[in-house]
Amino acid sequence: MIAPMLPGAEGLGELLRDKVDYVLIDRMNYHYADWVYRKYGLQDKLTGDFFHRTGRELADVCKRFGIACDLNFS
């Protein structure tokens, strides 16, 4: 499981190659840790747009390496 989605996550597919056969990418819609994003200037990474874009990039990379992948947008 990859959650929450952080900058650079799209590179995880290559790191997971030949190590896993399934990945779940989850948005993890809880907000008690939002302060961490604000502290490090990552507020734009809390958006649905960032999750959808980065999640799809990571899913595409995983599929290229033969890793089954599901995205949970809830």
Considering only segment 36-55, I want to know if a residue exists there that is assigned to a strand (DSSP E or B), out of contact with any Cys (no Cβ under 6 Å at 6 or more places or on another chain), open to solvent by less than 70 Å² (accessible area, probe 1.4 Å) and in contact (Cβ under 8 Å) with a residue 12 or more places away in the chain.
no
When segment 16-35 is checked residue by residue, the ones that are in a helix (DSSP H, G or I) and either surrounded by 10 or more Cβ atoms within 10 Å (Cβ to Cβ) or in contact with a helix residue (DSSP H, G or I) (Cβ under 8 Å, 6 or more places away or on another chain) (or both) are Leu16, Asp34
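So, in segment 1-15, how many residues would count as being open to solvent by 100 Å² or more (accessible area, probe 1.4 Å) and part of a helix (DSSP H, G or I)?
2
The values are calculated or read from the model by the stated rules, or taken from the named source; none is laboratory data. Keep in mind that what you see is a predicted model, and the values were worked out from it rather than measured. Positions of Cβ are backbone-derived with ideal geometry, glycine not excepted, and every protein chain shown enters the neighbour counts. All accessible areas refer to the heavy atoms of the entire protein, side chains included, with ligands and DNA or RNA removed. Shrake-Rupley method; radii C 1.70, N 1.55, O 1.52, S 1.80 Å.
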